[in-house]
Amino acid sequence: MPTWKVRADRRKVDLDHLREELDALGESVRGLKVELRASPHFWDAPDKGAFRDFVEVGSMTHDTLGALEIVAEELIALFGWTIDFAREVDDAS
């Protein structure tokens, strides 16, 4: 089942707003499973020293890749490029 990590630039994103939106999408999109990481992970992760400091917020999983793409578009429309997605690779495939 396709899974994408959701990452956010902790220097720019409103973490509470992003978490609320992810929760709402998880409740409203049939078949979408959203798992959020604990907030301390977001703030305590090491700074990579880059222009943008992306840290994993959680993950989202759905039976179809197209559904994840639509959800990602919705999130990008709200948060712009302060968020990023990384596809998790299934070792069994």
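The values are calculated or read from the model by the stated rules, or taken from the named source; none is laboratory data. Everything numeric in this text was worked out from a predicted model, so none of it was measured. Heads up, the Cβs are rebuilt from the backbone with ideal geometry, glycines too, and the neighbour counts pull from every protein chain shown. Each accessible area value is taken on the protein alone, full model and side chains, heavy atoms only, with ligands, DNA and RNA left out. Shrake-Rupley method; radii C 1.70, N 1.55, O 1.52, S 1.80 Å.
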Number of positions in the stretch 19-55 that are among the small types (Gly, Ala, Ser) and either under 16 Å from residue 81 (Cβ atoms) or not in a helix (DSSP H, G or I) (or both) | 5
Within the stretch 3-18, track down each residue that is open to solvent by less than 80 Å² (accessible area, probe 1.4 Å) and either under 13 Å from residue 71 (Cα atoms) or not in a loop (DSSP other than H, G, I, E, B) (or both).
-> 3, 4, 5, 6, 7, 8, 9, 15, 17, 18
Extreme residue, farthest from residue 74 (Cα to Cα), among residues of the stretch 19-60 that are touching a Gly at 6+ places or on another chain (Cβ under 9 Å) and buried (at least 17 other Cβ atoms within 10 Å of the Cβ) = 36
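Do we find that residue 65 is open to solvent by 40 Å² or more (accessible area, probe 1.4 Å) and more than 10 Å from the chain's Cα centre (by Cα) in this structure? Steps first, answer last, please.
On the way: open to solvent by 40 Å² or more (accessible area, probe 1.4 Å): yes; more than 10 Å from the chain's Cα centre (by Cα): yes.
So residue 65 fits the description; yes.
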